Amino acid sequence: MKKLLTTLCAIVPLIGMVQAQEFTPKQLEQVKLVREQALNSDLSWQLLESLTSEVGPRLPGSENDKKAVAWAKQQFEQLGFDKVWAEPATFPHWRRYKETGKIITPSEQPLHLTALGNSVSTPKSGITAEVVMFETLDELIAAPKGSLDNKIAFVNYRMNRHIDGNGYGPAVRARNIGSVEAAKKGAIAYMMRSVSTSHHRFAHTGNSRYQEGVSKIPNTAVANPDADQLARLLKAGHAVSVNINLQTEDLGEGISYNVIGEITGSEYPQQYVLIGGHLDSWDLGTGALDDGAGVALTMAAATHIKQVARPKRSIRVVLFAAEELGLWGAKAYFKQHADKLDNIVAAAESDFGADLVYGFESSVSASSLPVVRAIAQQLALLNIEYIRANNAHGGPDLIPLRQAKDAPIFALHQNGSDYFDYHHTADDTLDKVDPDKLKQNTAAYAVFAMMAANAKTTLTGKAQ
């Protein structure tokens with residue numbers, strides 16, 4: 001045992017030396033400076049305050065979406081980015097105008113609900129029908145054909161709360177395809193419990209889709225307390241009928257823009273670290289958590305890097321368009337740059353609110369791991385744990401990149417324990433963001449991006 005301990009004591013410093021060789025003492029001192037600058041700066045908060053107050057909600061294709069594009073270009077220029085430009089992205093242009101609901105029987109009482117993105121309208125007077133409840137989407141799928149004729153299907157699936165938001169995937173299935181499955185069984189409308197961990201009486205919106213050849217029926221989510229009320233009435237044996245009135249519009253193809261700011265690298269300008277978030281938001285709140293925080297902190301992180309030292313490789317901040325309606329900006333960006341994706345040496349997106357970053361994870365080749373470990377050592381000073389699984393998925397706007405090639409993807413995992421209390425609601429507002437936590441996020445992205453840009457070894461992706 002003594003011999004083993006002696007051997008380990010000799011090896012550990014050598015591991016540190018191998019990692020340190022990726023970065024010079026001067027570069028590590030610059031990392032320290034950029035971390036301290038980010039932790040002591042209000043820049044990310046100032047950007048977030050401006051975006052959410054002066055622009056507000058940013059539904060793709062709306063006037064505020066256009067203002068957000070102009071805002072982003074102006075901010076990049078004022079912050080001194082070397083290059084600023086916009087690239088178009090098209091998407092299905094959708095609007096909500098009115099949404100109301102109420103329980104009719106056994107007693108009249110209001111329902112707090114919201115149309116899901118892409119939903120068709122009800123008739124002007126709404127739809128009134130009996131409700132049939134299912135605890136899961138799979139239970140609805142298993143229902144006999146025709147069993148929901150002239151009825152409203154209601155899926156009451158409860159999302160679990162977890163630091164990494166792992167309950168979102170199972171819950172969001174019901175949002176994505178619930179109305180399709182309900183229509184197949186004869187339903188004339190679809191309701192679901194909000195994809196949410198909240199007890200507050202806010203309905204959570206989100207995108208949904210239809211299927212060719214299946215009737216399009218109105219598609220809505222109800223606030224969790226209202227879902228509980230419906231469930232109680234149904235379980236007590238009452239015949240429950242509700243009225244849903246949704247007035248929406250399909251406006252055809254819309255256009256918005258990915259807005260991009262770049263700090264040009266001093267040695268390998270064609271190679272770049274990609275960080276960013278999505279510029280659009282749902283129309284109910286002001287998009288502070290989703291995803292104003294991601295926009296602000298990545299813009300600020302790159303700015304802090306520029307203020308300390310010009311990186312060897314470029315830092316590119318991409319503010320993606322129309323994420324909420326189906327990753328349309330991301331699809332357009334990676335399609336437009338398809339022949340140059342090898343120039344991306346690292347990619348990370350902030351799109352999970354603004355709580356503390358608690359974990360750092362990569363998805364890179366084995367030859368890149370020494371660089372990852374060196375970055376992790378510096379992030380540890382921000383109380384960020386190194387997650388060694390090397391299986392990072394990154395943010396949603398990186399999905400088209402992952403599908404296109406084996407890219408070097410990174411995740412700076414944020415604490416999402418209460419993220420889905422506010423997600424896609426009217427309650428997603430600036431007061432839900434803690435300025436000190438936002439600073440820690442900004443510092444984490446600044447350290448990560450600076451080191452990925454300056455590493456001796458060029459980071460490469462992990463073969464899937």
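The table below lists the values:
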quantity: Matching entry among 134, 91, 76, 81 (being of a type in the set (Phe, Trp, Tyr), touching a helix residue (DSSP H, G or I) at 6+ places or on another chain (Cβ under 8 Å), within 19 Å of residue 208 (Cβ to Cβ) and in contact (Cβ under 8 Å) with a residue 40 or more places away in the chain); calculated: 91
quantity: Residue list for region 335-351, restricted to those being open to solvent by less than 20 Å² (accessible area, probe 1.4 Å) and not in a helix (DSSP H, G or I); calculated: 344, 345, 346, 347, 348, 349, 350
quantity: Within region 272-319, considering residues that are part of a helix (DSSP H, G or I) and of a type in the set (S, T, N, Q), the one nearest to residue 84 (Cα to Cα); calculated: 303
quantity: Subset of region 28-79 [aliphatic (A, V, I, L, M) and closer than 23 Å to residue 323 by Cβ]; calculated: 47, 48, 51, 55, 59, 68, 69, 70, 72, 79
quantity: Criterion: open to solvent by 30 Å² or more (accessible area, probe 1.4 Å), within 30 Å of the chain's Cα centre (by Cα) and modelled with pLDDT of 95 or more - qualifying residue of 274, 234, 279, 251; calculated: 251
quantity: Check on residue 426, out of contact with any helix residue (DSSP H, G or I) (no Cβ under 6 Å at 6 or more places or on another chain) and either touching a residue at least 40 places away in the same chain (Cβ under 8 Å) or open to solvent by 10 Å² or more (accessible area, probe 1.4 Å) (or both); calculated: yes
quantity: Which listed residue is closer than 26 Å to residue 70 by Cβ, out of contact with any Gly (no Cβ under 7 Å at 6 or more places or on another chain), open to solvent by 20 Å² or more (accessible area, probe 1.4 Å) and of a type in the set (Gly, Ala, Ser), from 389, 332, 354, 404; calculated: 332
quantity: Search result, residues across region 183-229 that are assigned to a strand (DSSP E or B) and either open to solvent by 20 Å² or more (accessible area, probe 1.4 Å) or touching a strand residue (DSSP E or B) at 6+ places or on another chain (Cβ under 6 Å) (or both); calculated: 189, 190, 191, 192, 207, 219, 220, 221, 222
quantity: Verdict on residue 121 being farther than 22 Å from residue 225 by Cα, open to solvent by 20 Å² or more (accessible area, probe 1.4 Å) and of a type in the set (S, T, N, Q); calculated: yes
quantity: Checklist (1) buried (at least 20 other Cβ atoms within 10 Å of the Cβ); (2) at positive phi applied to residue 150, failing item; calculated: (1)
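This table checks each residue for (1) open to solvent by 40 Å² or more (accessible area, probe 1.4 Å); (2) more than 17 Å from residue 261 (Cβ to Cβ); (3) assigned to a helix (DSSP H, G or I); (4) at pLDDT 95 or above.
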{"residue": "28", "(1), (2), (3), (4)": "yes, yes, yes, yes"}
{"residue": "31", "(1), (2), (3), (4)": "no, yes, yes, yes"}
{"residue": "37", "(1), (2), (3), (4)": "yes, yes, yes, yes"}
{"residue": "49", "(1), (2), (3), (4)": "yes, yes, yes, yes"}
{"residue": "53", "(1), (2), (3), (4)": "yes, yes, yes, yes"}
{"residue": "58", "(1), (2), (3), (4)": "no, yes, no, yes"}
{"residue": "61", "(1), (2), (3), (4)": "no, yes, no, yes"}
{"residue": "65", "(1), (2), (3), (4)": "no, yes, yes, yes"}
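The values are calculated or read from the model by the stated rules, or taken from the named source; none is laboratory data. Since we're looking at a predicted model, the values are computed, not measured. All Cβ positions, glycine included, derive from the backbone under ideal geometry; neighbour counts span all protein chains shown. When the accessible area is computed, the model is the full protein with side chains, heavy atoms only, and any ligands, DNA or RNA have been set aside. Shrake-Rupley method; radii C 1.70, N 1.55, O 1.52, S 1.80 Å.
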